[in-house]
1. Per residue of segment 96-107, what does 6.51 cos²θ - 1.76 cosθ + 1.60 with θ = phi - 60° give for ³J(HN,Hα)? Whole Hz please, x for Gly and Pro, Karplus curve as stated.
2. Round to the nearest 0.05 the FRET efficiency obtained for Lys390 and Lys162 when R0 = 51 Å and r is the Cβ-Cβ distance.
3. With the Cα gyration tensor of segment 485-552 giving a ≥ b ≥ c as the square roots of its eigenvalues, does the rule (a/c under 1.5 for rounded; else a/b larger than b/c for prolate; else oblate) give rounded, prolate or oblate?
4. Cα atoms only: what Rg and Dmax, in Å, come out for segment 57-146?
5. From the phi angles alone, apply the Karplus equation (6.51, -1.76, 1.60; θ = phi - 60°) to segment 296-312 and give each ³J(HN,Hα) in whole Hz, x where the residue is Gly or Pro.
6. Around Glu421, what is the net charge, scoring Lys/Arg as +1 and Asp/Glu as -1 over all other residues with Cβ under 13 Å from its Cβ?
7. What Kirkwood hydrodynamic radius do you get for segment 38-88 when you take the inverse of the mean 1/r over all pairs of distinct Cα atoms, in Å?
8. Output the 0 to 90 degree angle, nearest 10, between the alpha-carbon long axis of helix 340-385 and the longest principal axis computed from the alpha carbons of the chain.
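The values are calculated or read from the model by the stated rules, or taken from the named source; none is laboratory data. None of the values given here were measured: they were computed from a predicted structure. Note that we place each Cβ from the backbone using ideal geometry, even for glycine, and neighbour counts take in every protein chain shown. Ligands, DNA and RNA are excluded from the accessible area calculation, which covers all protein heavy atoms including side chains. Shrake-Rupley method; radii C 1.70, N 1.55, O 1.52, S 1.80 Å.
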Amino acid sequence: MLKRLSIKNVALIERLNIEFDNGFNVLTGETGAGKSIIIDAVNLVLGERASRELIKSGAEKASVEAEFDISRIPAVKDILEENMLDADDELLISRELSISGKNVCRVNGTLVNLNALKQITDMLVDVHGQHEHQSLLSQNKHITFLDSFGHDTIGGLKEQVKALYGEYRSLKNALLGGFSSEDERAREMDILGYQINEIEKAALNEAEEQSLNEEKGVLMNAERIMAALRVSSEAIAGEDRAVDLVKAAYGGMEGISGLSAEYGDAAKRLEEAYYFIQDIGYALRDMRNSFDFDPARIDEIQQRLEVYSNIKKKYGPAIADVDEFLSRSKLRLEELEGAAEKREKLQSQLDDVSGKYIKAASALTDARKAAAAELESELLSQLKDLGMEKARFGVGFEQLAAFGPGGMDRVEFTMSANPGEALKPLEKVASGGEMSRIMLAFKAIAARADSIPTLIFDEIDTGISGRIASVVGGKMVKISDSHQVLCVTHLPQIAALADAHFMVEKSDDGEHTRTDMRRLSLEERYGYIARMMDGAENSAIAYDHAKELISASENSKALRRKQKP
């Protein structure tokens, strides 16, 4: 439930701190006092779309902080834990909107984005009004409402259908190799076959790649190699041949080698150098004669290396990685092709589960249709109490072709608010005032099963008065037995039923206008409701009537609390 709301610099509100009761909270005030600002502030902290026009004139930013008691809402704690947020019994949500358009949202002091904020607040508060989000108007929520209404007969069947759908999906995935259709499976098999063929055709080999790169390096430097071989060869075996010079030096030293050991050693070394250089000369000659430069060979090597490059880009980056990819692809293709016997067995199991699913889904449809008939009757009874005696309501069913975890039904609520009008989708059927009463009728029915703890009704009493106003108030009081209710109203019959009555008022000091809100004492409620009824400041009759209304309400609540188990 919403325990506290703190508002700062929102429209005409400079600073406001409000604490709410857990029962029926009523907000009243003169037209233009700023009741809608309170609802705007609530919507802001709930994560609804916000305009910078909400920021108070002259302020840089507006902020709203809401404190909730979630001790009895385990689903909210689960979401908080999933988002790695603190999940104590107290939940603090804040949102700040700056003049630059920047949004800052926090949950228990931790920054979150708007999507995460909405995921949490959608389970905490439901706002109903002529211009606010109304959850039951969304067609995809109609089936959820119907299932909650008929939970006693529908709940078990839903679980059975969900379990069978799980088996169906598991077998389907096994049969299709994890794909949702045979076409997807066939597409992957084609891709795998192409990849395997491409890699095997390339026949990559690390030794070949290395050899090709070396050969490419040689051919790309052919001119340099040929020039170096020519210069080196001529230096050794040309006109001034190095080998002849060394031979001459050897001959000179050989002639005096016998005169000393030192001369003899020099002669020997020159002899060795002569034969060594002579061998190098022969080798250089052979290299020069055998070197063959073929430009076409460079193109061949380049094309082959491009095959290596392309394959490694797709499946690499190294040849070892390509080989590993090839092995995995072959295994995956074998899995997808599967053995015929295994596929036949899976198909047989799938057919069996499909039959069981269809049978269970049909039983679920029958249970839903039975619940729909009860819902139609009960809702029309509620609408009759609310002054819509001529309304018609229907629950439409459409059978879906595809299996789903919730069965094969598409459900849509339709209504006709006036005689002679055809049944139409719920959101297109009524005026704002009528829609508010329709939503109240739904909420009165759903109160026993609805898990959203706080309901806000923004002027749902538009266009009603007298007895209907008392009926509307009574229904909201009944809802407040199991939910926290906040109601913006201008009717004394409803205000008199409040557990907590807040007055919204506007004031100015000649320069600035501001909106405030305060909780009325019992004595103040007598006078305020009297003015709502009579319009006069000091009407004794209206004052006594107000006391009677409030007293009757308190007695009724006391009796209802006593009758509670």
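1. With the stated coefficients, segment 96-107 comes to 10, 10, 9, 5, 7, x, 6, 10, 10, 10, 9, 10 Hz.
2. That gives a FRET efficiency of 0.80.
3. oblate
4. For segment 57-146, the Cα-based Rg and Dmax read 15.1, 49 Å.
5. Values per residue, Gly and Pro as x: 5, 5, 4, 4, 4, 5, 4, 4, 5, 5, 5, 4, 4, 4, 5, 5, 5 Hz.
6. +3
7. Computed over Cα pairs of segment 38-88, the Kirkwood hydrodynamic radius comes out at 13.1 Å.
8. So the inclination is approximately 30 degrees.
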